[in-house]
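Chemist: I'd like to ask you about the structure that follows.
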Amino acid sequence: MKSYDTKSIRNICLVGHGGSGKTSLAETMLFNAGVTNRIGKVNDGNTVSDYLQEEVQRHISISTSLIPIEHKDVKVNVLDTPGYSDFIGEVISTLRVVDTSVFVISGVDGLEVQAEIIWDLVEEKQLPKVIFINKLDRENSNAEKVLDRLKLTYPNTRFVQMQIPVGKEAAFEGVVGLFQPDIPDQYIDDIAVLKEALAEAAAEADDELLMKYLDGESLNDEELKTITAKGLAQNMIVPVLFGSVEKNLGVKEFAQFLADYVPAPAPIDKKAALVFKTLADPYLGKMTFFKVYGGTFTSETVVYNANREVEEKLGQLFYLRGKNQDNTASVQAGDIAVVAKLQETKTGDTFTTKEKGIQLDGIEFPKPALPLSVKPKSKGDEDKLGSALARLVDEDPTISVGKNTETKQTILSGLGEMQLDIVGEKLARKFGVAVETEVPKVPYRETIKKLVQVEGKHKKQSGGHGQYGHVWIKMQPNPEKDFEFNEEVFGGAVPRNYFPAVEKGLREAVADGFLAGYPMTNVKFTLYDGSYHSVDSSEMAFKLAAHLAFKKGAEMANAVLMEPVVEAEVKVPEAFMGDVIGDLNSKRGKVLGMEPNGKCQVIKAHVPQSEMMRYSIDLKAMTQGRGTFTTQFIGYEEVPARLSDALVAQLKKEHQHHE
């Protein structure tokens, strides 16, 4: 593939709900451009774009793939993004580097949830939008109905129809374009109406033509084409095109529209490129996808990574089409390419020059909210699992891995169940580590409710040296500190050299808890009396005496179970408020308040952590995938008495099972 200059490059992404035909559209464009000699099918698992094994098996896209298409003298970099909410991170990183977003919408199902969610993201970025209404050959498809629904949902958006679909459902036979040379007689009037609508919507994109339009003069085709391109680039209008990818109708016209009207990238003065995706390939190692914003990048040269403040050697640069590489000596401003085997670079980093360089804005990914505990099926695979997870986190910034030191579990978090299932599959297939997963354990704690004074006596006599340790300890609640140990021993009842042993015994006992094996916190211990034996006393004996005192004391002092509580911020569209608040109440949440945020409301609540482990799944179901949330740990609260006994019994059982 030759190197194109900036003016001849178009960077677009295909976005929309799962199953609307994005991957098939890219596939048909490749066929029309003469790159492939047959059109692959998603259901047959043989498309250029969906080449990862997990995509082939599931018949869906889970990773954005890069499909450059050469159309006459223009190179269109098509980025085919996933349509399922678990992979929204792929869409977010792609939107950061394209110049135009193309919404592929089903002519049967119309505007669906995921497309609406992405629409809001695109609006935030003020990216130009184009709509391609697909599947017009299908039963129950209706282009007008879909367009009306769009106008109703987004009343402030100027949708301009660039074509008229010819025929309906099985009789759909293609499109008539506004500017095509030979318009059939029966469409001449309709085309004139559409041209007038285009002039009205887009004239203000060009001052000179606006004056002409306001003076009542009609604009000719060349002038209309000018305002279409300018209006799209300024995000003033949203052109709408039609077709059936399956029948290859309207797809050639769509590709021509991209070449003619979609804005070319606008290069910056400084040499810079942004890394927007990382892929761990079993054969090539780590692949780094980048878009050049300014300057030219060449193979086998050194670049400066502004985020990590290190120099990296770029090896062979290549264009990628699905999984096929095409080496290139250089990459111009505006183009997108790939380099393999970089050591330091991560998604969101900037390549630039060390002197007078620039750092581009990174990419903000959603925080993973669905946690899962993972452990290897084979005992010896812990290290292998650790390094495999690190590579997968590199590849996907919407997953995170952490260690919960209290429950001793490795916690893998992601955006949804399908994403985490796929991580499990990749661990087994790519890295040879089979894992077991479960809902993470909640790090409960224990504490006491009242002050008690207890005796602990450890005495053993069995030939030779005996063992003797004897203590009196005051135990009391201590909200200020997790653990505190004091001594108020008079007259040497317990010699000073045994104090550390008593403290050590108490620390050990506290770590194991009393009720259900969870650490006991917020307790103050005071050693105030006891006795010793000049021969039989030892540090071990006093440590064991402290253990005994703790057990007795915890029982007398009303030991209770404490649970971690988080502050949740849940952002949902107004329509779902009632359901979401009702659900938070059923999860023992305390709703603190609400505040508006754009079209949504943000609900704040304090909720026990145990109730939030699967909240991501519940919220998706309640809000059709439109709700999002974050949580932050705020502290511990006592488990309500009505739940405590059953919970303690269950936790005890689990604890014994693991030992």
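The values are calculated or read from the model by the stated rules, or taken from the named source; none is laboratory data. Small disclaimer: the values here were computed from a predicted structure and weren't measured. Note that each Cβ is placed from the backbone with ideal geometry, even for glycine, and that neighbours are counted across all protein chains shown. In case anyone asks, the SASA skips ligands and DNA or RNA and just uses the protein heavy atoms, side chains included. Shrake-Rupley method; radii C 1.70, N 1.55, O 1.52, S 1.80 Å.
Chemist: Of all the residues that make up the stretch 335-365, how many are outside any loop (DSSP other than H, G, I, E, B) and closer than 18 Å to Ala266 by Cα? Steps first, please.
Modeler: Filtering the stretch 335-365 for residues outside any loop (DSSP other than H, G, I, E, B) gives 336-340, 350-352.
Imposing the further condition that a residue be closer than 18 Å to Ala266 by Cα reduces the set to 336-337, 350-352.
Count: 5.
Chemist: Report, ordered by the first and then the second residue, all pairs with beta carbons closer than 8 Å, sequence separation of six or more or different chains, a first member in the stretch 114-129 that is farther than 15 Å from Glu90 by Cβ and free of Cβ contacts under 8 Å to residues at least 40 places away in the same chain, and a second member that is open to solvent by less than 60 Å² (accessible area, probe 1.4 Å) and in a helix (DSSP H, G or I).
Modeler: Short answer, once both residue conditions are applied: Lys125/Leu95.
Chemist: Now, a different point. Residue check: is Thr407 among the hydroxyl-bearing types (Ser, Thr, Tyr), surrounded by 14 or more Cβ atoms within 10 Å (Cβ to Cβ) and under 30 Å from Lys271 (Cβ atoms)?
Modeler: Working: among the hydroxyl-bearing types (Ser, Thr, Tyr): yes; surrounded by 14 or more Cβ atoms within 10 Å (Cβ to Cβ): yes; under 30 Å from Lys271 (Cβ atoms): no.
Taking the combined requirement at face value, the residue does not satisfy it.
Chemist: Just checking, how many residues over the stretch 488-508 are over 19 Å from Tyr468 (Cβ atoms) and either more than 52 Å from the chain's Cα centre (by Cα) or open to solvent by less than 20 Å² (accessible area, probe 1.4 Å) (or both)?
Modeler: 2
Chemist: Would you please name the residue that is nearest to the chain's Cα centre (by Cα), looking only at residues in the stretch 6-39 that are within 14 Å of Leu258 (Cβ to Cβ) and among the hydroxyl-bearing types (Ser, Thr, Tyr)?
Modeler: Going through the qualifying residues, I end up with Thr28.
Chemist: Quick one: Thr352 ticks every box in (1) touching a strand residue (DSSP E or B) at 6+ places or on another chain (Cβ under 8 Å); (2) within 30 Å of Leu30 (Cβ to Cβ) bar one, so which box is it?
Modeler: Looking at each condition in turn, Thr352 falls short on (2).
Chemist: In the stretch 1-28, what count of residues is obtained for those that are in contact (Cβ under 8 Å) with a residue 60 or more places away in the chain, of a type in the set (Lys, Arg) and either part of a loop (DSSP other than H, G, I, E, B) or closer than 13 Å to Phe132 by Cα (or both)?
Modeler: 1
Chemist: Right, here's the next one. Please name all residue pairs, on different chains or six or more residues apart, with Cβ atoms under 8 Å, provided the first residue is in the stretch 273-290 and is closer than 13 Å to Asn305 by Cα and modelled with pLDDT of 80 or more and the second residue is open to solvent by 20 Å² or more (accessible area, probe 1.4 Å) and aromatic (Phe, Trp, Tyr).
Modeler: Ala273/Tyr293; Leu274/Tyr293
Chemist: When the stretch 442-485 is examined, which residues are found to be open to solvent by 80 Å² or more (accessible area, probe 1.4 Å) and part of a loop (DSSP other than H, G, I, E, B)?
Modeler: Lys449, Lys450, Leu451, Gln461, Ser462, His465, Pro479, Glu480, Lys481, Asp482
Chemist: Count, please, the residues in the stretch 495-522 that happen to be within 16 Å of Lys449 (Cα to Cα), in contact with a Lys or Arg (Cβ under 9 Å, 6 or more places away or on another chain) and either without any contact (Cβ under 8 Å) to a residue 40 or more places away in the chain or not in a loop (DSSP other than H, G, I, E, B) (or both).
Modeler: 1
Chemist: Take the residues in the stretch 82-113 that are among the polar types (S, T, N, Q) and not in a strand (DSSP E or B), then tell me which one is nearest to Phe254 (Cα to Cα).
Modeler: Filtering the stretch 82-113 down to residues among the polar types (S, T, N, Q) leaves 85, 93-94, 100-101, 106.
Those left that are additionally not in a strand (DSSP E or B): 85, 93-94.
Details: Ser85: 26, Ser93: 24, Thr94: 21 Å.
So the residue we want is Thr94.
Chemist: Name the residue that is farthest from Gly110 (Cα to Cα), counting only residues in the stretch 149-181 that are among the small types (Gly, Ala, Ser) and in a helix (DSSP H, G or I). Break it down stepwise before answering.
Modeler: Step one: list which residues in the stretch 149-181 are among the small types (Gly, Ala, Ser), which gives 167, 170-171, 174, 177.
Still in the list and also in a helix (DSSP H, G or I): 170-171.
Details: Ala170: 18, Ala171: 19 Å.
Of everything passing the filter in the stretch 149-181, Ala171 is farthest from Gly110 (Cα to Cα).
Chemist: Of all residues in the stretch 427-440, count the ones that are open to solvent by 60 Å² or more (accessible area, probe 1.4 Å), outside any strand (DSSP E or B) and either within 30 Å of Val607 (Cβ to Cβ) or acidic (Asp, Glu) (or both).
Modeler: Let us first name the residues in the stretch 427-440 that are open to solvent by 60 Å² or more (accessible area, probe 1.4 Å), namely 429, 436-439.
From the residues that got through so far, the ones that are outside any strand (DSSP E or B) too are 429, 439.
If we keep only those that are either within 30 Å of Val607 (Cβ to Cβ) or acidic (Asp, Glu) (or both) too, we end up with 439.
The number of residues fulfilling the criteria is 1.
Let's see how each residue does on (1) within 23 Å of Thr94 (Cβ to Cβ); (2) open to solvent by 70 Å² or more (accessible area, probe 1.4 Å):
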position: Phe297; (1), (2): yes, no
position: Thr301; (1), (2): no, no
position: Glu309; (1), (2): no, yes
position: Thr328; (1), (2): yes, no
position: Val331; (1), (2): yes, no
position: Gln343; (1), (2): no, yes
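Chemist: Among the candidates Lys291, Lys323, which residue alone is within 26 Å of Lys430 (Cα to Cα) and either in contact with a Lys or Arg (Cβ under 9 Å, 6 or more places away or on another chain) or not hydrophobic (A, V, I, L, M, F, W, C) (or both)? Spell out the reasoning first.
Modeler: Numbers: Lys291 fails: within 26 Å of Lys430 (Cα to Cα).
The conditions single out Lys323.
Chemist: Please pick out the residue among Asp137, Asp109, Asp120 that is under 17 Å from Val245 (Cβ atoms) and surrounded by fewer than 19 Cβ atoms within 10 Å (Cβ to Cβ). Explain how you work it out, then say what you get.
Modeler: On the way: Asp137 fails: surrounded by fewer than 19 Cβ atoms within 10 Å (Cβ to Cβ); Asp120 fails: under 17 Å from Val245 (Cβ atoms).
Exactly one of Asp137, Asp109, Asp120 is under 17 Å from Val245 (Cβ atoms) and surrounded by fewer than 19 Cβ atoms within 10 Å (Cβ to Cβ), namely Asp109.
Chemist: I'd like to verify a number: residues in the stretch 40-81 that are in a loop (DSSP other than H, G, I, E, B), farther than 28 Å from Pro263 by Cα and either open to solvent by 30 Å² or more (accessible area, probe 1.4 Å) or of a type in the set (A, V, I, L, M, F, W, C) (or both), how many? Let's see the steps before the verdict.
Modeler: Within the stretch 40-81, the first condition is being in a loop (DSSP other than H, G, I, E, B), and the residues that meet it are 40-41, 45-52, 59-64, 72-73, 81.
Applying the additional criterion that residues be farther than 28 Å from Pro263 by Cα yields 40-41, 45-46, 51-52, 59-60.
Going one step further and asking which of them are either open to solvent by 30 Å² or more (accessible area, probe 1.4 Å) or of a type in the set (A, V, I, L, M, F, W, C) (or both), we end up with 41, 46, 51-52, 59-60.
Residues that pass the stated criteria total 6.
Chemist: Given (1) over 29 Å from Val303 (Cβ atoms); (2) open to solvent by 30 Å² or more (accessible area, probe 1.4 Å); (3) outside any loop (DSSP other than H, G, I, E, B), identify the lone condition not met by Pro368.
Modeler: (3)
Chemist: If you don't mind, another one. Considering only the stretch 263-281, state which residues are β-branched (Val, Ile, Thr) and either touching a helix residue (DSSP H, G or I) at 6+ places or on another chain (Cβ under 7 Å) or open to solvent by 10 Å² or more (accessible area, probe 1.4 Å) (or both).
Modeler: The first filter runs over the stretch 263-281 and keeps only residues β-branched (Val, Ile, Thr), leaving 268, 275, 278.
Ile268, Thr278, listed by residue number.
Chemist: Name the residue, out of Gly625, Gly589, that is surrounded by 18 or more Cβ atoms within 10 Å (Cβ to Cβ), on the phi > 0 side of the Ramachandran plot and touching a helix residue (DSSP H, G or I) at 6+ places or on another chain (Cβ under 9 Å).
Modeler: Details: Gly589 fails: on the phi > 0 side of the Ramachandran plot.
Step by step, each of Gly625, Gly589 is checked, and only Gly625 is surrounded by 18 or more Cβ atoms within 10 Å (Cβ to Cβ), on the phi > 0 side of the Ramachandran plot and touching a helix residue (DSSP H, G or I) at 6+ places or on another chain (Cβ under 9 Å).
Chemist: Oh, and also: Could you list, in sequence order, the residues of the stretch 182-224 that are assigned to a helix (DSSP H, G or I), open to solvent by 100 Å² or more (accessible area, probe 1.4 Å) and of a type in the set (Asp, Glu)? Please lay out each step first, then the result.
Modeler: As a first pass, look at the stretch 182-224 and keep what is assigned to a helix (DSSP H, G or I): 185-205, 207-214, 221-224.
Those left that are additionally open to solvent by 100 Å² or more (accessible area, probe 1.4 Å): 185-186, 189, 200, 207-208, 211, 214, 222.
Scanning the stretch 182-224 gives Asp185, Asp189, Glu200, Asp207, Glu208, Glu222.
Chemist: Moving on. Please identify the pairs in which a residue from the stretch 402-427 that is over 28 Å from Gln53 (Cβ atoms) has its Cβ atom under 9 Å from the Cβ atom of a residue that is open to solvent by less than 40 Å² (accessible area, probe 1.4 Å) and among the charged types (D, E, K, R), counting only partners at least 6 apart or on another chain.
Modeler: Close Cβ pairs satisfying both conditions: none exist.
Chemist: Under the condition of being of a type in the set (Asp, Glu) and in a helix (DSSP H, G or I), which residue from the stretch 132-148 is nearest to Lys599 (Cα to Cα)?
Modeler: Applying the first criterion (of a type in the set (Asp, Glu)) to the stretch 132-148 yields 137, 139, 144, 148.
Filter once more, keeping what is in a helix (DSSP H, G or I): 144, 148.
Working: Glu144: 27, Asp148: 21 Å.
Going through the qualifying residues, I end up with Asp148.
Chemist: Something else: Out of the stretch 140-181, which residues are surrounded by 18 or more Cβ atoms within 10 Å (Cβ to Cβ) and at positive phi?
Modeler: Hit for the stretch 140-181 is Gly174, nothing else.
Chemist: If you take the residues in the stretch 548-575 that are open to solvent by less than 70 Å² (accessible area, probe 1.4 Å) and touching a Cys at 6+ places or on another chain (Cβ under 9 Å), which one is farthest from Arg507 (Cα to Cα)?
Modeler: Pro573
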